[in-house]
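What follows is one structure encoded as structure tokens, with my remarks underneath.
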Amino acid sequence: MRRDVFQAIADPTRRAIITLIALQAMTPNAIAENFHTTRQAISKHLRILTECEVVKQEQRGREIYYQLEAGKLKEMDIWIEQFRKIWEAKFDQLDKVLSTMKKQKK
């Protein structure tokens, strides 16, 4: 099964992992210390994030470090941008209506 970036962010734990490693590369054990779950559960989340290409692994000696692949998140931003523009237009329309109503009350 091919995974995409939206599957990566579908789970709150994976979103938290993304936030955590956005600041610095971390080992699975260091990541797991930030959660009240098993090391195996974190490994599963890291595997999904890797399959979605949101994180990448880097071998440093005996340790594997996971770091954010920020460019992959750009796909999400591009997709969301179309909706952002729609909602901004709707809010602009609402501002105009509210402004008109406010002027009419005076």
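The values are calculated or read from the model by the stated rules, or taken from the named source; none is laboratory data. On a predicted model such as this, the values are computed, not experimentally measured, just so you know. Cβ placement follows ideal geometry from the backbone for every residue including glycine, while neighbour counts extend to all protein chains displayed.
Below, the figures for the structure above:
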item: Helices (runs of 4 or more DSSP H) (entirely within the chain) containing at least 1 residues that are at pLDDT 90 or above, exposed (fewer than 15 other Cβ atoms within 10 Å of the Cβ) and of a type in the set (S, T, N, Q); result: 12-23, 28-32, 39-51, 70-105
item: Any pair with Cβ under 7 angstrom, 6 or more apart, that starts in region 66-87 at a residue that is in contact (Cβ under 8 Å) with a residue 12 or more places away in the chain and ends at one that is among the acidic types (Asp, Glu) and not in a helix (DSSP H, G or I); result: 67/58; 69/53; 72/53
item: Hits in region 22-42 (condition: over 14 Å from residue 67 (Cα atoms) and within 19 Å of the chain's Cα centre (by Cα)); result: 32, 34, 35, 41, 42
item: Given (1) over 18 Å from the mean Cα position of the chain (by Cα); (2) under 19 Å from residue 6 (Cα atoms); (3) among the aliphatic types (A, V, I, L, M), number of the condition residue 73 does not satisfy; result: (1)
